[in-house]
Structures are given as structure tokens and as C-alpha cells.
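To keep things clear, I will list the structure first and then write my remarks on it.
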Amino acid sequence: MAPSLLHPPSQLSHAAALQLSQQAPAVLRSSPSTVSASPLSALFSASESPELWTKYENLLLSCLRTGDERAAHQCLERLVARFGNDNERVMAFKGLLKEADAENNGQLELVLKEYDQILSDNDTNIPITKRRIALLRSLGRVSDAASSLVRLLEFSPTDAEAWSELAEIYLTQGLYAQAIYALEEVLILAPNAWNIHARLGEMQYMAATASGAGAGPYRKYLAEALKRFARSIELCDDYLRGYYGLKLVTSEVLGDSAGSTKQNGADEFSLPDPATIERLNELATAKLSEIVRHAAARDPGWCGYDELEVAAARELLTKDASALPGVVR
């Protein structure tokens, strides 16, 4: 299926983003360069719709991803003409283009100072706050970015995007418990988000297999990861990352000679019995094999998977198959 300008380009592959950015000349020619907000002017000018501005925003982002800054500036000019320079979203897009135009860290620091000035006048400007946090992170000031996110969440505790970003920052610092807590906040806000369930499972699996994890935390994190991956594929039965994670966790448990599957009375984090884990492993293997086979053949309805994720699944299956003769269950 061809990518759409109505969908956020951040969720698209690089190839799909390039395909969208190549549409820029045609989109800019066929769309009105200005649209008046006046009801009287609207009688004699092109019609306006929310989709038009969504297209301009997403086209701007796609063009920046692929290096077409000229088209990105043209999209920005149309947004400025319609909404003005004081619109918070427009201010954030202007800052983003300045970041893209910057040639060194010194110029990025100047952009950061502009963000600070804007926030000193209006500290509730959420789009600029998020751009400032992203810029801090890109400059390597991770601790400052995390502190800014914490302050943002004190002001806006239901911002799922901010919680997710904070979780990723904590993860890069090896703070697994904090990262898991932050992502659990996302699930409170979006309980049926299968990708977040899978991402939380990945974090818990990393926490379980990190060096220094004791037997108790190891068993706890594996049990929680298993639950998250299972919930992920329950919500979306073709989600590759969910099955990939399920395969990793069940293989880890089945290959653990220390007996992590032993039940521990009323232990809240006890794992299922070995027979159940074996069946889950077989289910994950079968589904991953099906996804890899159909995606490789580009069968209709199976073309939306990321190529790198499919390659990783293929590698995992190959590794599992080569290890079968020597695995002790």
C-alpha cells in the first residue's frame, strides 16, 4: 500500500518517506498556496480542510527526513501564511527547520537559546518545550533532556508521548526500573496499544538479561516480559515484534538450566509451567516463519513489515534451528 500524507512520516520506513517527499512538487503545485481564514474571502478562494494542513505538516517532515529542505521551507511558508508566526505548532516547525539548517553545534546552541527565550515568555508552549528536549538529546545533554521531560510531565501528566520519550532516555542510561515505570504510564493512557506492550516486554527482557541481575529480578522480569508479549499478540495477531519477543523470552526460559520455571508458592511473578512455555515457543516460531515467508514473497496483505525486522526474525529462526540438535530441554 502506498504511503499517505495523512499519516505521520515518523512511522514510515525511509523508503516510504522518500516516496512521499518526491511527491512534494506535485502536491505544492496542486494545493493552494494561501487560504484565508476570513469567511468572506472563503467564498472566492480555494476551500480549506484540516487534511490540507496535515498534508503540509507531514510533507514538511518527510522532506526534512530526505534532505529536501527547499520543499520543506515552502510547506512552512504556507503554514505561516495561514496560521501566523505566533501559532505554537508553526513556531515548533520553524525551530525544526532552523535545526536542520544548522551546520554545527554552535548554531544548534543558538537555536536552543531561541527556545529558552520563547519559553521564558510562555512556559506552557508544549511544542517548543518538546523541540527543546529533542535538541538537548541530540546535543548529548541527556540528563538535561530527562530533567526537562520530568518537569513537562509535572505540568502535563497525561502526555503519553513525553512518558514514552522519558522511558527511552532512561533505557539508554541503563535505568531499567525507571524506564519500565515510565512506559507503564503510557499503557495507563493507552491500554490497548500493542506496540507499547511489546516495547515494555523488550525493556523487561533487557532488564532480565542485563549483567548483575539477580535470580529474583531475573525471574520477575522474564515473567512480566512474557505477559507483555502475549498481550501484544493478543491485541494484534500479526505483530512481528510481539512474536519475536515471545520467541526470545520462551527460548531464554527453556534454555535456563537454573530452573527459572520452578513455581515459588504465592510468587506473583512465577512463570507458566514448561509445557505451556514450550507451546508458546512453538506458536511464536510458526508465526514468525509465516510472516518471514509471506513478506519475502511480497504476498498481498503481507507487505507492511519493516525489512530490517523481517531480517532479524529470519536470523532468529535460523539461529534457533541450528541450535536445536544441541539444546537440552
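The values are calculated or read from the model by the stated rules, or taken from the named source; none is laboratory data. Keep in mind that what you see is a predicted model, and the values were worked out from it rather than measured. Surface areas here come from the heavy atoms of the whole protein model, side chains and all, with no ligands, DNA or RNA. Shrake-Rupley method; radii C 1.70, N 1.55, O 1.52, S 1.80 Å.
Structural remarks
- Unsatisfied cross-links (Cα-Cα over 25 Å) in the set LYS55/LYS98; LYS55/LYS94; LYS130/LYS227; LYS98/LYS130: LYS130/LYS227
- Evaluated at q = 0.07, 0.11, 0.15 Å⁻¹, a Debye calculation over the C-alpha positions of the chain (equal weights, vacuum) places log10 I(q)/I(0) at -0.39, -0.88, -1.29.
- Using θ = phi - 60° in the Karplus curve 6.51 cos²θ - 1.76 cosθ + 1.60, the 3J(HN,Hα) couplings for region 129-140 round to 4, 5, 5, 4, 5, 4, 5, 4, 5, 5, 7, x Hz; x is entered for Gly and Pro.
- Candidate cross-link partners of LYS113 among the aspartates and glutamates, defined by an alpha-carbon separation under 13 Å and a same-chain spacing of 8 or more, comprise GLU99, ASP121.
- Axis angle, to the nearest 10 degrees, between helix 142-155 and the longest C-alpha principal axis of the chain: 80 degrees.
- Prolate/oblate/rounded label for region 135-215 (Cα gyration tensor, a/c 1.5): oblate
- Heavy atoms of the protein chains alone define the surface here; on that basis the chain has 54 Å² accessible area per residue at 1.4 Å probe size.
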